[in-house]
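The values are calculated or read from the model by the stated rules, or taken from the named source; none is laboratory data. All values derive from a computational prediction rather than experimental measurement. Note that each Cβ is placed from the backbone with ideal geometry, even for glycine, and that neighbours are counted across all protein chains shown. Ligands, DNA and RNA are excluded from the accessible area calculation, which covers all protein heavy atoms including side chains. Shrake-Rupley method; radii C 1.70, N 1.55, O 1.52, S 1.80 Å.
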Amino acid sequence: MPKNDGGAGIPTLVLAVLKSGEMYGYQIILELEQRSQGVFRMKEGTLYPVLHGLEREKLVSAREDTSEAGRRRRYYALTRAGEQTLRDRERSWEEYSRAVTAILRGGELT
Amino acid sequence: MRDAWFWLTEATELIRFKPDKQAVWEELSDHIQCRKEALLHDFPELTPEEAEARAVAAMGDPEPLARDLARLHRPWMGYLWRVSQALAVLAAAVLIVGLPAYHFIRGHDGLLSHFAYLVSWEAEDHYPKLGGAELLETVSCHAGDRARPGGYTVSVRRATLERWKSETTAFGTLKLELSIHSWRGESMALPEAVSRVTDDLGTEYIQGSLTPGWVFYSSAEWGDLAPLGQRAALMLFSVPEDAQWVELTFGRGDKTDTLRVDLTGEAEL
């Protein structure tokens, strides 16, 4: 039985964005906006508790580096556990999305 | 930076673990600067202050953010991490320095006497020139396979036969340096573990005797856990001139094994 939101919260979207490679916070925000074609906009500060929570759960790892402008910057990357969690949530979302679509169209599950 | 400074102060004010607070401040500050630079690039008509104000506004309300960040960066977690790191360093230091030091101190007396013996290995005056006997030659002997009596492995690190001759007799003294290891990490009880010493002529060497006999010289423990194991030195007296080999039997009962030393090596002198 899928969860009631299909597991597609902000943490899942962040994991999905990091699937394409290591990124820092601002990059993740830009990527979320671009991939959703501007539909998905969030208060940018709220990304950080999500990232730090994922890091605590060891779903992402972080390393520090210096930007071109000389500022300290944290880069995040998916861990193996993060990849597995993302696969699980993708599957869960697909089931949920199929069920909702079926209900909206008045049809049956495909 | 006025807007950003106030926003950052508010967003991080509930984080009590200072290193975390500093790191979060820098990370959020970098984000605001990135957004500000992008705004100035896309909207050249904006002043830096206006761009910063917009970048700060895009970050959202700092109050709920401060609560969420404080929940994730609790001070005890930071201190616990530091304590665990310190304990790990301490444990590594104990393992690297403390354990060998402990074993060295434990076997210190044995080590000193053993080293003293090894230093005198080549010296001529360590053995009395009984009856005016002269040293004819020194022979490096070959030791055969290892003996494995009751969980121990005994091998010969060095064996030297000195051939002596007087007007009335000729005899040899055999000096043996043994290396002893045990898979249980135990030290062999010496000299009790040597149950018999004999040669191919049937000579029985009696412990403590000079004619013929053997003495236990020294034993040094490098520690039960140390890979170097245990070293011991024995000396056999009155080895017959024409003896081809001597054999040491270790252990008692059915847990015995023998170690043979070939006396027909190459003369060094």
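Take region B:153-177 and flag every residue that is modelled with pLDDT of 85 or more and in contact with a Lys or Arg (Cβ under 9 Å, 6 or more places away or on another chain). B:153, B:154, B:155, B:156, B:159, B:160, B:161, B:162, B:172, B:173, B:175, B:176 - these are the residues of region B:153-177 that are modelled with pLDDT of 85 or more and in contact with a Lys or Arg (Cβ under 9 Å, 6 or more places away or on another chain). Remark: pairs (first residue in region B:55-66, facing chain A (nearest Cβ under 9 Å); second residue open to solvent by 30 Å² or more (accessible area, probe 1.4 Å) and not in a helix (DSSP H, G or I); Cβ separation under 6 Å; 6+ apart in sequence or on different chains) = B:60/A:43. Residue pairs whose Cβ atoms lie under 6 Å apart, separated by 6 or more positions or on different chains, with the first residue in region A:64-78 and at the interface with chain B (Cβ under 7 Å from one of its Cβ atoms) and without any contact (Cβ under 8 Å) to a residue 60 or more places away in the chain and the second surrounded by 11 or more Cβ atoms within 10 Å (Cβ to Cβ) and assigned to a loop (DSSP other than H, G, I, E, B), are A:73/A:67.
Filtering A:43, A:19 for residues that are more than 23 Å from residue B:58 (Cα to Cα), open to solvent by 50 Å² or more (accessible area, probe 1.4 Å) and touching an Asp or Glu at 6+ places or on another chain (Cβ under 8 Å) leaves a single hit, A:19. You will find that of A:51, A:32, A:59, the residue that is in contact with a Gly (Cβ under 7 Å, 6 or more places away or on another chain), more than 8 Å from chain B (Cβ to nearest Cβ) and within 20 Å of residue B:60 (Cα to Cα) is A:51 and no other. Of the residues making up region A:30-39, at least one is in contact (Cβ under 8 Å) with a residue 12 or more places away in the chain and open to solvent by less than 30 Å² (accessible area, probe 1.4 Å). Of all residues in region B:24-50, those satisfying the criterion of being acidic (Asp, Glu) and away from every other protein chain (no Cβ under 11 Å) are B:42, B:45, B:49, B:50.
With respect to residue A:89, determine if the residue is at pLDDT 90 or above, open to solvent by less than 70 Å² (accessible area, probe 1.4 Å) and among the basic types (Lys, Arg). Yes, satisfied.
Just to be sure before I move on: is residue B:88 open to solvent by less than 50 Å² (accessible area, probe 1.4 Å) and either assigned to a helix (DSSP H, G or I) or touching a Leu at 6+ places or on another chain (Cβ under 9 Å) (or both) in the structure I sent? It is false that residue B:88 is open to solvent by less than 50 Å² (accessible area, probe 1.4 Å) and either assigned to a helix (DSSP H, G or I) or touching a Leu at 6+ places or on another chain (Cβ under 9 Å) (or both).
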